[in-house]
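The values are calculated or read from the model by the stated rules, or taken from the named source; none is laboratory data. Predicted, not measured: the structure shown is a model, and the values here were computed from it. All Cβ positions, even for glycine, are placed from backbone atoms using ideal geometry, and neighbour counts span all protein chains on display. Please note that ligands, DNA and RNA were not included when accessible areas were found on the heavy atoms of the full protein model with its side chains. Shrake-Rupley method; radii C 1.70, N 1.55, O 1.52, S 1.80 Å.
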Amino acid sequence: MSGVKADYLSMARSAAELLREPAVATAWSSPSSLPKFSVGGLAGHLANQILVVPQALATPVPQQEQVLSLLGYYDRAQWIGADLDDEANVRVRDRGEQVAEEGPAALIARVDATLEELSDGLAAAGDPVVSLPWAARVVRLDDLLITRMMELAVHSDDLAVSVGVPTPAFPQSAMDTVIDLLSRLAVRRHGATAVLRALSRAERAPATIAAI
């Protein structure tokens, strides 16, 4: 199994443990740390970073579709920098709420079953081209997993902050991959000079170098 696959599974299992926190179920209907997202909806969005992987593996790949690079995938991401009420962000929130609508116990059961499936499935998968079930895009499996690793890291922190529990500690190799991706996206969005100054010169750092 590649390092990316092992790191993804480790992060996914840590996210599943966070979903099991009693504080998540207790606050399910309360507002989360993200505007217009309930705790339950945010939990659904976090869980979906696990649930979508077997869906992608099972989705037929269009014959003539261009295979996007990792950064090429984000070139087509309509939600980056979009307003909170932009259609792309509304769809993300709605999908999170739909995934979570049966409640915390049902969501955890789905995640556990999916992780059991992926533990064997990813080991045997290699690095095929996969078609994303939520968009007309084709990427390599490892690149898909890196995009999900970033989502797992960011939204695990969001959910932990929402319910007042510690953010999961992910493997260093996994976080190196996530931080590398976010850094590259920040450079594409703000320019290399802005990122350089934010990381090295507080006196002339820009107001933000947020990657997403």
Select from the stretch 77-89 the residues that are open to solvent by 70 Å² or more (accessible area, probe 1.4 Å) and within 16 Å of the chain's Cα centre (by Cα) and list them in ascending order.
78
Any idea how many residues of the stretch 154-164 are among the β-branched types (Val, Ile, Thr) and crowded, with 20+ Cβ neighbours inside 10 Å?
1
Starting from the stretch 96-118, keep only residues that are touching a residue at least 40 places away in the same chain (Cβ under 8 Å), then list their pairs with residues that are in a loop (DSSP other than H, G, I, E, B) and open to solvent by 20 Å² or more (accessible area, probe 1.4 Å) whose Cβ atoms are within a distance under 7 Å, requiring at least 6 positions of separation or different chains.
104/28; 108/20
Residues located in the stretch 96-130, provided they are in contact with a strand residue (DSSP E or B) (Cβ under 9 Å, 6 or more places away or on another chain) and either assigned to a loop (DSSP other than H, G, I, E, B) or surrounded by fewer than 20 Cβ atoms within 10 Å (Cβ to Cβ) (or both):
97, 127, 128, 129
Before we move on, is residue 144 out of contact with any Lys or Arg (no Cβ under 9 Å at 6 or more places or on another chain), farther than 27 Å from residue 27 by Cβ and modelled with pLDDT of 95 or more?
yes
Are any residues in the stretch 165-206 in a loop (DSSP other than H, G, I, E, B), open to solvent by 70 Å² or more (accessible area, probe 1.4 Å) and at pLDDT 95 or above, and if so, which ones?
166, 201
Across the stretch 15-56, what is the total count of residues that are more than 17 Å from the chain's Cα centre (by Cα) and either open to solvent by 70 Å² or more (accessible area, probe 1.4 Å) or charged (D, E, K, R) (or both)?
8
Considering residues of the stretch 131-153 that are under 27 Å from residue 167 (Cβ atoms) and among the β-branched types (Val, Ile, Thr) only, the residue most open to solvent (accessible area, probe 1.4 Å)
146
Is it the case that the stretch 15-27 has a residue that's touching a residue at least 40 places away in the same chain (Cβ under 8 Å), in contact with a helix residue (DSSP H, G or I) (Cβ under 6 Å, 6 or more places away or on another chain) and acidic (Asp, Glu)?
no
Could you please find all residues in the stretch 176-193 being more than 18 Å from residue 209 (Cβ to Cβ) and touching a residue at least 12 places away in the same chain (Cβ under 8 Å)?
177
